[in-house]
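Trainee: Mind looking over this structure? Questions follow.
The values are calculated or read from the model by the stated rules, or taken from the named source; none is laboratory data. Values in this document were obtained by computation on a predicted structure and should not be read as measured data. Note: ideal-geometry Cβ built from the backbone for every residue, glycine included; neighbour counts use all protein chains shown.
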Amino acid sequence: MKQLLQINVVVLILIALASVPIAEHREDGLQAYAAGNFKKACQLWLIEAEKGCAISQNNLGTMYANGQGVEQNYKEAVKWYRMAAEQGEADAQNNLGVMYSQVRDVPKNYKKAVKWYRKAAEQGHAIAQNNLGFMLESGQGSERSYKNAVRWYRMAAEQGNAVAQCNLGNMYANGQGVGQDQKQAVRWYRMAAAQGDADAQNNLGNMYFEGRGVPQSYEDAYRCWVEAEANGAAIARDNIEIAQRQMNLNQIKNGQQVAKQMWPSPGN
């Protein structure tokens, strides 16, 4: 069987609408957003953003980034994210990192992305921790360091971030930045898979198919891949076809009954 790529994914978090104790216009903006009245939400958040409210600045940046209530304008999104990020708003810091590293129409600046991911990560922002781990693993904007990538993935994974859990599983499976340990890889894949992470479900299927860290089982592999495909992992389709060539009709029938109980709840 061909070895599938175990891709580490950078999470894009462009919606970050905090609901801490808030000013009247900000609260009204949240209500308008929830009701789908994006134009009104933008108008209300603009009032607070111009007064220097970091959360409203971040929210306004999100609206410009997504083209909700205003014409999509990444330059404006970056402007408002930067205002909020410079005040220490962690969601905005992560979002600004995303703009510099992931958004096609914004000039790439990986060093700036790492800078802002790190600021948010150091505040305990799980998604930024995962994103910083990815940058360190890939050597984008910073010297490549698998060891430090593992450190940040673990911080995010321990907070329950499914993508980081999958990424940490990859590091254990491949022995990058940590001693190779297939059982630990399976442990983290299971946690992420239980949250519906398609990449983790696909990777867990690989482990079952090849008997790495778990007893070899075509049926369990098949179940994982069926669930992964249903959750958007297109690569799982190829794996399903490979597995079917190794299975009899009864095994395939059993495998089609996706068994979520095979994955423990996160933390177990």
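Trainee: Could you say whether any residue in the stretch 145-152 is closer than 21 Å to residue 212 by Cα, at pLDDT 95 or above and assigned to a loop (DSSP other than H, G, I, E, B)?
Mentor: Within the stretch 145-152, not a single residue is closer than 21 Å to residue 212 by Cα, at pLDDT 95 or above and assigned to a loop (DSSP other than H, G, I, E, B).
Trainee: Can you find a residue that is buried (at least 16 other Cβ atoms within 10 Å of the Cβ), under 23 Å from the mean Cα position of the chain (by Cα) and either closer than 21 Å to residue 124 by Cα or at pLDDT 95 or above (or both) anywhere in the stretch 19-32?
Mentor: No, there is no match, as no residue in the stretch 19-32 is buried (at least 16 other Cβ atoms within 10 Å of the Cβ), under 23 Å from the mean Cα position of the chain (by Cα) and either closer than 21 Å to residue 124 by Cα or at pLDDT 95 or above (or both).
Trainee: Could you figure out which of (1) under 26 Å from residue 116 (Cβ atoms); (2) assigned by TED's automatic domain parsing to the domain that holds residue 120 isn't true of residue 199?
Mentor: With respect to (1) under 26 Å from residue 116 (Cβ atoms); (2) assigned by TED's automatic domain parsing to the domain that holds residue 120, residue 199 is out only on (2).
Trainee: Okay, moving on. Does residue 160 satisfy the condition of being crowded, with 16+ Cβ neighbours inside 10 Å, touching a residue at least 40 places away in the same chain (Cβ under 8 Å) and not in a helix (DSSP H, G or I)?
Mentor: Values: crowded, with 16+ Cβ neighbours inside 10 Å: no; touching a residue at least 40 places away in the same chain (Cβ under 8 Å): yes; not in a helix (DSSP H, G or I): yes.
Criteria not met by residue 160.
Trainee: Look through the stretch 187-229, keep the residues that are of a type in the set (A, V, I, L, M, F, W, C) and farther than 15 Å from residue 239 by Cβ, and return whichever of them is nearest to the chain's Cα centre (by Cα).
Mentor: 192
Trainee: Is the stretch 86-95 home to any residue that is more than 21 Å from residue 156 (Cβ to Cβ) and modelled with pLDDT of 95 or more? Give the derivation first.
Mentor: The initial filter retains those residues of the stretch 86-95 that are more than 21 Å from residue 156 (Cβ to Cβ), namely 86-87.
Narrowing further to those that are modelled with pLDDT of 95 or more: 86-87.
Yes, the conditions are met somewhere in the stretch 86-95.
Trainee: Looking only at the stretch 168-175, decide whether some residue is surrounded by fewer than 24 Cβ atoms within 10 Å (Cβ to Cβ) and assigned to a loop (DSSP other than H, G, I, E, B).
Mentor: So far as the stretch 168-175 goes, yes, one or more of its residues are surrounded by fewer than 24 Cβ atoms within 10 Å (Cβ to Cβ) and assigned to a loop (DSSP other than H, G, I, E, B).
Trainee: Still on this structure, please answer the following. Given the criterion crowded, with 16+ Cβ neighbours inside 10 Å, more than 24 Å from residue 126 (Cβ to Cβ), modelled with pLDDT of 95 or more and of a type outside the set (Gly, Ala, Ser), identify the matching residue among 165, 182, 201.
Mentor: Only one candidate passes the filter, namely 182.
Trainee: Looking at the stretch 97-125, which of the residues that are buried (at least 21 other Cβ atoms within 10 Å of the Cβ) and of a type in the set (Val, Ile, Thr) is nearest to the chain's Cα centre (by Cα)?
Mentor: 98
Trainee: Are any residues in the stretch 60-85 under 17 Å from residue 120 (Cα atoms), aliphatic (A, V, I, L, M) and either buried (at least 23 other Cβ atoms within 10 Å of the Cβ) or at pLDDT below 95 (or both), and if so, which ones?
Mentor: 84, 85 - these are the residues of the stretch 60-85 that are under 17 Å from residue 120 (Cα atoms), aliphatic (A, V, I, L, M) and either buried (at least 23 other Cβ atoms within 10 Å of the Cβ) or at pLDDT below 95 (or both).
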